[in-house]
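The values are calculated or read from the model by the stated rules, or taken from the named source; none is laboratory data. Remember, predicted model here, so these are calculated numbers, not experimental data. For neighbour counting, all protein chains shown are included, and Cβ atoms are generated from backbone atoms with ideal geometry for every residue, glycine included.
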Amino acid sequence: MSVSEQRSGSILAVDFGNVQTRALLIDLVDGVYRLVARGETRTTAGFPANDARLGLNRAVEQITSVTGRKLLTNDGKVISPEQNDRSGVDYFVTTASTGRTMRTVLVGLVPDVSIASARRALAGTYVEIVESLSLEDGRSLEDNVNAIVGSRPDLIFITGGMEGGAEEPVLRLAHAVQQALRLIKGGRKPAILYAGNSALSQSMRDMFGTLATMFIAPNVRPTLDEEELEGAQAQLALVYNDQQAKRGGFGALTRMSRNGVLPTAQSYNLIVDYLGQATGENVIAVDIGSAVGILSAYIDKRVTTAIRTDIGLGHSADSLLNVVGEANIKRWLPFVTTSNQIRHYALNKALVPGSIPETIKGTFLEHAFLRAGIDTLVEASRPIWSKQLGTTQNALTPHFNTIIGAGAGLTQTGSAAFGALLLTDALQATGVARVQLDEFGVVAALGSLAYANPEAVVQVLESSSLEMLGTVFSVSGVPALNRPVMHVRIKTSDGQVIKHHVSGGHLWVYPLDIGKTATVDVSVGRGLNIGGKGRVKVTAEGGTVGLIFDGRGRPLPLALDAQGLAAQLPMWIAEVTGNPPIAIADEWLTEAKEETSALEMEAEDTIRKAKQRGGLFGGGSRRKPEADAKAKGKKAALPEPDLDLPDDEVDDSKAAIQNELDDLRRR
């Protein structure tokens, strides 16, 4: 038996985001897997380094400085398996959300059947659907070929035909794809993923084997009433890994990692599914990063994941504004502002994705974008949830027993209580729910580990890797303002009894520490409910915040103007955090002047040009600059960069984009 088999596996799990690279060291402590140490630094997959391994080295060096364990060789490779002197690790797993999305063409027989299943299979991968072909669109062979060639895809996903069903129509559509591949000259050929009638699998291999990289998955729609997505999602992860291997130093990482580089969003799909199955309860996790927004929910024994590459607080801030609209930003702002001022903020965030707000106004803007982005993800998921629950769609969010928030916008507010408030506001939580924050990016990293060591995933999740904020009790309905609407009785484990009345339009927090529980009995007034009940009695968990009682009502009764919001928002923040209310200056509530500076116009032009070239992938560190500086002072030697990087538009244009940005900043 080898040394690594005796130890059962130390683990280095790394997640590469658009701004931050996070490394986690997981090992056995008293026979149980625990998060031992972590490192975090700026992602270096983009310009100017163009090598993700540099960020990996910096993050791992932080772990080495804390634990004394050498994890890398002198040329920057992960030592594996673990050695007798405790150097190295037995497992090295990686996930990533960095880089541009895969441009994808969907091909199927019927939009509401095979193509609909293909869209749901794509939910766990970073894709942009640029074209969809079916028998119902009525286009000729020539039109279909031109549509494929003109869309410049990275992936063509072919579905259609139930098991034992149609073959000829599927082959006819595949023939159009074959003709298009023959016409695509230069550059990188798109990958082909086939997940249709299995009787055609060999025909597909014969048709595309010499033209493109081919992936075969089980039929996503074996019968009209059955849907099987897991096999296609596993193959999509391999496609994503294949794409990542050709950019930014990821080639070497895919060879070192046990499972290659898997999409971060798939981690949320896997982990939320595990938590839901383990508890038998509804679970929701939301992550708003710099460039991508992810919402994964387990409802009624099924997990669904929504990914939006146009919802983010940094790289995608300008796109987020276009998606949600100015009105949905203003509904969270306790001051008067103009369209240009909101646009200016979004453009600055896109130019400097890792920047943090420096003013009170900037902080409110940041959180307005955050809340509006999460709300958009919820609205996009609501029809699916209603179908799963067999209910008509309404304005209220379904009840989730566990809520998990991730992303710097939620985890790095400086106050755990404020993070809980942001999550509660944005999701419009109903009923009684445990609220947790994933400050260390554990969920993102654990998805890839689930394939290699599921036991470790279970044990790490059951430990204190996620920060427990506490339990929130939310009233639904329209409560009477400033009148008692929640009658609360708390009995602690040491026998203390606390009674309190929560007024309509207000919040109240009872501090109950991590690891402690209390029996909580809450009744609400006429016309109100907590998770559909007029009274609930539960054993509630405490946390870094405690027990939060929300008497504001659902839907949340936000004021309709800046003056009303100036009274509401600071009061709610103060009630949750215990800090004095934020002062809103009188001049902030007067009419703002509409101005457009030359700098704003030039910034907008720079963003537009960058998007045309494929996007902005650089970004500064959002937190702990001293840690970054320390890491930069001790760079490990790296091998020469791979020479097989793709010659695509994005990589070719990065130097030009950076020159434009540097010139703009100097002004």
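Scanning the range 523-564 for residues that are among the charged types (D, E, K, R) and surrounded by fewer than 19 Cβ atoms within 10 Å (Cβ to Cβ) gives ARG526, LYS533, ARG535, LYS537, ASP561.
Contact annotation: residue pairs with Cβ atoms under 9 Å, 6 or more positions apart or on different chains, pairing a residue in the range 103-120 that is within 19 Å of PRO190 (Cα to Cα) with a partner that is surrounded by fewer than 24 Cβ atoms within 10 Å (Cβ to Cβ) and among the basic types (Lys, Arg), are ARG103/ARG152; LEU106/ARG119. Candidates are the residues of the range 365-391 that are charged (D, E, K, R) and modelled with pLDDT of 85 or more; the one that is surrounded by the most Cβ atoms within 10 Å (Cβ to Cβ) is ARG371. A residue that is touching a strand residue (DSSP E or B) at 6+ places or on another chain (Cβ under 8 Å), under 30 Å from ASN529 (Cα atoms) and not aliphatic (A, V, I, L, M) occurs somewhere in the range 436-455. The set of residues in the range 178-215 that are assigned to a loop (DSSP other than H, G, I, E, B) and at pLDDT 90 or above comprises PRO190, ALA195, GLY196, ASN197.
Can you find a residue in the range 465-482 that is touching a residue at least 60 places away in the same chain (Cβ under 8 Å), in contact with a His (Cβ under 6 Å, 6 or more places away or on another chain) and either under 25 Å from VAL286 (Cα atoms) or buried (at least 24 other Cβ atoms within 10 Å of the Cβ) (or both)? The answer is no; no qualifying residue exists. Does the range 531-547 include one or more residues that are among the small types (Gly, Ala, Ser), at pLDDT 95 or above and closer than 30 Å to LEU589 by Cβ? No, the range 531-547 has no match at all. Of the residues making up the range 417-427, none is of a type in the set (Ser, Thr, Tyr), over 22 Å from TYR268 (Cβ atoms) and assigned by TED's automatic domain parsing to the domain that holds ASP550. Number of residues in the range 276-307 that are modelled with pLDDT of 85 or more, under 16 Å from PRO398 (Cβ atoms) and aliphatic (A, V, I, L, M): the value is 8. Pick from the range 426-448 the residues that are in a helix (DSSP H, G or I) and in contact with a helix residue (DSSP H, G or I) (Cβ under 6 Å, 6 or more places away or on another chain): which of them is surrounded by the fewest Cβ atoms within 10 Å (Cβ to Cβ)? That would be ALA426. So is ILE404 at pLDDT 90 or above, in the same structural domain as ARG308 (by TED's automatic domain parsing), outside any loop (DSSP other than H, G, I, E, B) and of a type in the set (A, V, I, L, M) or not? Yes; evaluated as a whole, the condition is true for this residue. Scanning the range 557-580 for residues that are in a loop (DSSP other than H, G, I, E, B) and either farther than 17 Å from PRO484 by Cα or not assigned by TED's automatic domain parsing to the domain that holds HIS506 (or both) yields LEU558, ALA559, LEU560, ASP561, GLY578, ASN579, PRO580. Taking every residue in the range 374-398 that is charged (D, E, K, R) and pairing it with any residue that is at pLDDT below 75, at least 6 positions away or on another chain, the pairs with Cβ-Cβ distances below 6 Å are ARG382/GLN393. With respect to the stated conditions, VAL89 fails to be of a type outside the set (Phe, Trp, Tyr), over 21 Å from TYR451 (Cβ atoms) and either modelled with pLDDT of 90 or more or out of contact with any strand residue (DSSP E or B) (no Cβ under 7 Å at 6 or more places or on another chain) (or both).
Of all residues being modelled with pLDDT under 90 and among the charged types (D, E, K, R) in the range 43-69, which is surrounded by the fewest Cβ atoms within 10 Å (Cβ to Cβ)? Just the residue, please. Step by step, filter the range 43-69, then rank; the result is ASP51.
Within the range 89-109, can you find the residues that are crowded, with 19+ Cβ neighbours inside 10 Å and over 24 Å from GLN20 (Cβ atoms)? ASP90, THR104, VAL105, LEU106, VAL107, GLY108, LEU109 - these are the residues of the range 89-109 that are crowded, with 19+ Cβ neighbours inside 10 Å and over 24 Å from GLN20 (Cβ atoms). Screening ILE498 against (1) in contact with an Asp or Glu (Cβ under 7 Å, 6 or more places away or on another chain); (2) more than 21 Å from LEU295 (Cβ to Cβ) leaves a single unmet condition, (1). In the set (1) of a type outside the set (A, V, I, L, M); (2) outside any loop (DSSP other than H, G, I, E, B); (3) without any contact (Cβ under 8 Å) to a residue 24 or more places away in the chain, PRO218 fails one condition alone, (2). Scanning the range 524-565 for residues that are over 26 Å from the mean Cα position of the chain (by Cα) and among the β-branched types (Val, Ile, Thr) yields VAL524, ILE530, VAL536, VAL538, THR539.
The numbered conditions (1) surrounded by fewer than 17 Cβ atoms within 10 Å (Cβ to Cβ); (2) at pLDDT 90 or above; (3) not in a helix (DSSP H, G or I) are all true for GLY362 except (3). For first residues located in the range 14-26 and assigned to a strand (DSSP E or B), partners that are acidic (Asp, Glu) and lie 6+ apart or on another chain with Cβ distances below 8 Å form the pairs GLN20/GLU40; THR21/ASP15; THR21/GLU40; ARG22/ASP15; ARG22/GLU40; ALA23/GLU40.
Of the listed requirements (1) under 18 Å from THR424 (Cα atoms); (2) assigned to a loop (DSSP other than H, G, I, E, B), ASN259 misses just one: (1).
Could you grab me the full set of residues in the range 110-120 that are surrounded by fewer than 24 Cβ atoms within 10 Å (Cβ to Cβ) and in contact with a helix residue (DSSP H, G or I) (Cβ under 8 Å, 6 or more places away or on another chain)? Selection gives VAL110, PRO111.
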